[in-house]
Amino acid sequence: MNPQLKGVEKLEGTYLFDIETSAKALRLNRFLHGLTVAANRTLFKDNPDAAFDQAGLSAEERKMIRELDWAALIRYGASFFCLEKLGRVRGVSNPEMVAGFRGETLDEFLKTRRVPGAR
């Protein structure tokens, strides 16, 4: 292990994205990034199972996507940038997604931000 990463597992909310995680989540990240292609978005919206089959996604990967389990997806190794593609297709904003990473509602998350006009 990289000595700079020693103890990273003790930092709550930190999920190491190393070569092992990258390899495990490669199929998932390719599927998510593929949502930038209109035909893939249409297939996913119209027939998610066919899109999942085409990508060869596992039952676990399919479940996380169906449930929009943002925390599970990021822990699994989904790239944030690829998750943004899923968020756009499903109508989920970045703040909503980040709230999901933290196990919070959007309102709970916004209360932790110093944003003018935030709830």
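The values are calculated or read from the model by the stated rules, or taken from the named source; none is laboratory data. Keep in mind that this is a model prediction, so the values were computed, not measured. With ideal geometry, Cβ positions are generated from the backbone for all residues, glycine too; neighbour counts draw on all protein chains shown.
Quick look at the numbers
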item	result
Counted residues, region 22-40 - those being over 16 Å from the mean Cα position of the chain (by Cα) and surrounded by 14 or more Cβ atoms within 10 Å (Cβ to Cβ)	1
Some residue of region 81-98 being among the basic types (Lys, Arg), in a helix (DSSP H, G or I) and closer than 22 Å to Asp18 by Cβ	no
Scope region 5-62; condition at pLDDT 90 or above and among the polar types (S, T, N, Q); matching residues	Asn29, Thr36, Asn40, Thr42, Asn47, Gln54, Ser58
Some residue of region 101-119 being surrounded by 11 or more Cβ atoms within 10 Å (Cβ to Cβ), free of Cβ contacts under 8 Å to residues at least 60 places away in the same chain and under 11 Å from the mean Cα position of the chain (by Cα)	no
Scope region 60-80; condition in a helix (DSSP H, G or I), under 8 Å from the mean Cα position of the chain (by Cα) and within 11 Å of Tyr15 (Cβ to Cβ); matching residues	Ala71, Ala72, Leu73, Ile74, Phe80
Set Ala55, Ala51, Ala72: member being closer than 28 Å to Leu106 by Cα and either buried (at least 17 other Cβ atoms within 10 Å of the Cβ) or touching a residue at least 40 places away in the same chain (Cβ under 8 Å) (or both)	Ala72
Hits in region 76-100 (condition: surrounded by fewer than 14 Cβ atoms within 10 Å (Cβ to Cβ) and farther than 19 Å from Gly34 by Cβ)	Ser93, Asn94
Pair list, Cβ < 7 Å and 6+ apart or interchain, from region 21-45 residues that are closer than 21 Å to Gly77 by Cα and touching a residue at least 24 places away in the same chain (Cβ under 8 Å) to residues that are in a helix (DSSP H, G or I) and acidic (Asp, Glu)	Leu28/Glu61
